[in-house]
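Colleague: This is the structure I have questions about; it appears just below.
We did not get these values from a lab; they are worked out from the coordinates using the rules stated. Keep in mind that what you see is a predicted model, and the values were worked out from it rather than measured. Here Cβ is always computed from backbone atoms with ideal geometry, including for glycine, and neighbour counts include all displayed protein chains.
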2 protein chains.
Amino acid sequence: MFAVTDATITCCAPIAREPLSESDAVEMAALLKAVADPVRLRLLSLIGSHAGGEACVCDLTDAFDLTAPTISHHLKVLRTAGLIDSERRGTWVYYWIIPSVVAKLGALFTPLSEPGAASGPVDVELVTA
Amino acid sequence: MFAVTDATITCCAPIAREPLSESDAVEMAALLKAVADPVRLRLLSLIGSHAGGEACVCDLTDAFDLTAPTISHHLKVLRTAGLIDSERRGTWVYYWIIPSVVAKLGALFTPLSEPGAASGPVDVELVTA
């Protein structure tokens, strides 16, 4: 049930450290496709930043000018990708993010040194001059 | 020439800290679409991890069983998104990543506390008990 997510928690080193393998690239591209949508990004941020670390679907629909089925579709994409999980309690379904999966995306794009220290060979000279 | 990139360097807070605005979500989704492809992710990692911080197009093509025009197409997508830049020197074109733009993706998915500390409301109770 959790094997797919747990087996890949160690993936991946930052892109600035070493080349990604083909299989890791396929896996990370699938995660990135799930978040590469403005509505899903906003849903993730609404869920992730909600008080208590979880959001009722009733907290989410008001933020969008979209139908409930459309919101549900986007939530399902995030859930299928392993970025969020959910549970029904009484009337409502509650959602929370899976920090270890979100952190994999963050780690992939973590700079090795301070961000903005180098923006190419030419700019490095300008910055350090 | 650099206005688009520089104007957005402050975007965005981690998704676990605050809701993304609609315009920030549109901007970040465009960046994420550019990297949500296995070939482009591998290209980014080959360029970003290459000795000297830049890679000749001649360093990139051998890693893929793809035609040169296909590789060029993917490099153009990354360049148009502002994730890499390039320069022709003599026979070859050299590419390097733009760390400040890559870092924006990393910042978006940075956990607020240690990764894996919370994976839902139930686990939070366990951790803090």
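Colleague: Treat region A:45-96 as a sphere of radius equal to its Kirkwood radius over Cα pairs and apply Stokes-Einstein at 10 °C in a medium of 1.306 mPa s; give the translational diffusion coefficient in µm²/s, rounded to a whole number.
Modeller: Here the translational diffusion coefficient equals 142 µm²/s.
Colleague: Taking every residue in A:44-52, how many Cβ atoms of other protein chains lie within 10 Å of its Cβ, on average?
Modeller: Per residue, the number of nearby Cβ atoms from other chains is 6 on average.
Colleague: Let me ask another. Under a Cβ-Cβ cut-off of 14 Å, what is the net charge of the residues other than A:Leu75 that fall near it, where Lys and Arg count +1 and Asp and Glu count -1?
Modeller: 0
Colleague: Of A:Trp92, B:Trp96, how do they rank once you tally other Cβ atoms within 10 Å and put the fewest first?
Modeller: By the 10 Å Cβ count, ascending: A:Trp92, B:Trp96.
Colleague: How compact and how long is region B:29-116, expressed as Rg and Dmax of its alpha-carbon atoms in Å?
Modeller: 13.8, 48
Colleague: Between chain A and chain B, with a rotation axis joining them, whose C-beta in A is nearest that axis, and what is the whole-Å distance?
Modeller: A:Ala36, 2
Colleague: Does a label point 7 Å from the Cα of A:Asp65, set along Cα-to-beta-carbon, have any residues of region A:28-53 with amide nitrogen under 15 Å, and which are they?
Modeller: A:39
Colleague: If you don't mind, there's one more thing I want to ask. For B:Cys56, which inter-copy label distances result when the label point lies 7 Å beyond Cα on the Cα-to-Cβ vector, reported in nm to one decimal and in ascending order?
Modeller: Relative to the other copies, B:Cys56 has label-point distances of 6.3 nm.
Colleague: Which of A:Val101, B:Val26, A:Val39 has the fewest other C-beta atoms within 10 Å, and how do the rest follow up to the most? Before the final figure, lay out each step's value.
Modeller: On the way: A:Val101 23, B:Val26 15, A:Val39 20.
Exposure proxy ranking, most exposed first: B:Val26, A:Val39, A:Val101.
Colleague: Just checking the output field for A:85-97: average partner chain Cβ neighbours within 10 Å of each residue's Cβ? Write down the numbers at each step before the final one.
Modeller: Numbers: counts 2, 1, 3, 0, 0, 0, 0, 0, 0, 2, 1, 7, 7.
Counting other chains' Cβ atoms within 10 Å and averaging over A:85-97 gives 2.
Colleague: If R0 is 45 Å, what FRET efficiency do you get for B:Ser21 and B:Glu87 from their C-beta distance, rounded to 0.05? Don't jump to the answer; show the numbers that get you there.
Modeller: Working: r = 35 Å, r/R0 = 0.77.
In this case the efficiency is close to 0.85.
Colleague: Would you kindly work out, in nm and rounded to one decimal, the distances from the label point of B:Pro69 to those of the same position in each other copy, ordered shortest first, with label points 7 Å along Cα-to-Cβ?
Modeller: Sorted ascending, the copy-to-copy spacings read 4.1 nm.
Colleague: Shortest first and in nm with one decimal, please list how far the A:Val26 label point sits from its counterparts in the other copies (point 7 Å along Cα→Cβ).
Modeller: 3.6
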